[in-house]
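Since the structure comes first, as structure tokens, the remarks are kept for the end.
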Amino acid sequence: MLTLKQKKLLDYIVQYCNSNKIYPTFDEMRSYLNIKSKSGIHKLLSSLEDKGIIERLPHKARALKLKKVINLPKSDERSIPFLGRIAAGNPIEAITGSFEQISVPNYLINGKDEHFTLEVTGDSMIEDGINDGDIVVIKKSNVANSGDIIVALVDDNEVTLKRFRSYKNSIALEPANKNYKTRIFGEDRVKVQGKLVGLIRKF
């Protein structure tokens, strides 16, 4: 999952490399993102390296190597539906369809699968790094593995973002905030709508 600044930097690196066949310098990245200090760029690059997307090479002027996204086409975003808000807290009424679209980088999605986006409201998933106001990217699916973070439809009229746990005769929807309690439902009360595959953060 990438923050908006991480996404912007990665997009710039990919586009620069596609156009120039070399990687940008730290000064070029700093100037593009309008960041005053090189330490800010170092921090963003470290986060991308931790995610396994780039590799930093020692003792080189353009000390980068793309790992996961080197073969991205120049047009590296896709518009997918934005369906409104989802509760990361107490469930809200079920989400309805929307004609609005959001551009999402291709490295967050699988082109063969159907996806949609939602805006998170509430703080019940903050310990998993999902904050109020974040945009989550969801792959449509009606099944999930225990431990997945899912969009769950409860009793056909409430929808929420929680971690999914499947037991013999019940389903648990777990928050990632000690101030909220895990909710337990019968299997027939919860329908999986999709699984979390990415996150875009606004600052």
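In region 118-153, what residues are buried (at least 20 other Cβ atoms within 10 Å of the Cβ) and without any contact (Cβ under 8 Å) to a residue 40 or more places away in the chain?
Across region 118-153, the qualifying residue is only GLY122.
Which of the residues belonging to region 25-53 are touching a residue at least 40 places away in the same chain (Cβ under 8 Å) and outside any helix (DSSP H, G or I)? Walk me through how you get there before you give the answer.
In the first step, residues of region 25-53 are kept if they are touching a residue at least 40 places away in the same chain (Cβ under 8 Å); the result is 47-48, 51, 53.
Across region 25-53, the qualifying residues are LYS51, ILE53.
With the checklist (1) within 26 Å of GLU100 (Cα to Cα); (2) at pLDDT below 95; (3) of a type outside the set (A, V, I, L, M) in hand, flag the one item GLU127 doesn't pass.
Result: GLU127 fails condition (1) only.
Out of PHE185, PHE164, report the one residue that is crowded, with 17+ Cβ neighbours inside 10 Å and aromatic (Phe, Trp, Tyr).
Only one candidate passes the filter, namely PHE164.
Mind listing whichever residues of region 54-92 are farther than 30 Å from THR160 by Cβ, assigned to a strand (DSSP E or B) and either at pLDDT below 70 or more than 20 Å from the chain's Cα centre (by Cα) (or both)? Explain how you work it out, then say what you get.
First, pick out the residues of region 54-92 that are farther than 30 Å from THR160 by Cβ: 54-76.
When the remaining residues are screened for being assigned to a strand (DSSP E or B), the result is 54-56, 64-66.
Scanning region 54-92 gives GLU55, ARG56, LEU64, LYS65.
The values are calculated or read from the model by the stated rules, or taken from the named source; none is laboratory data. Please read these numbers as outputs of a predicted model, since none were measured by experiment. Don't worry about glycine lacking a Cβ; one is built from the backbone with ideal geometry, like all the others, and counts go over all protein chains shown.
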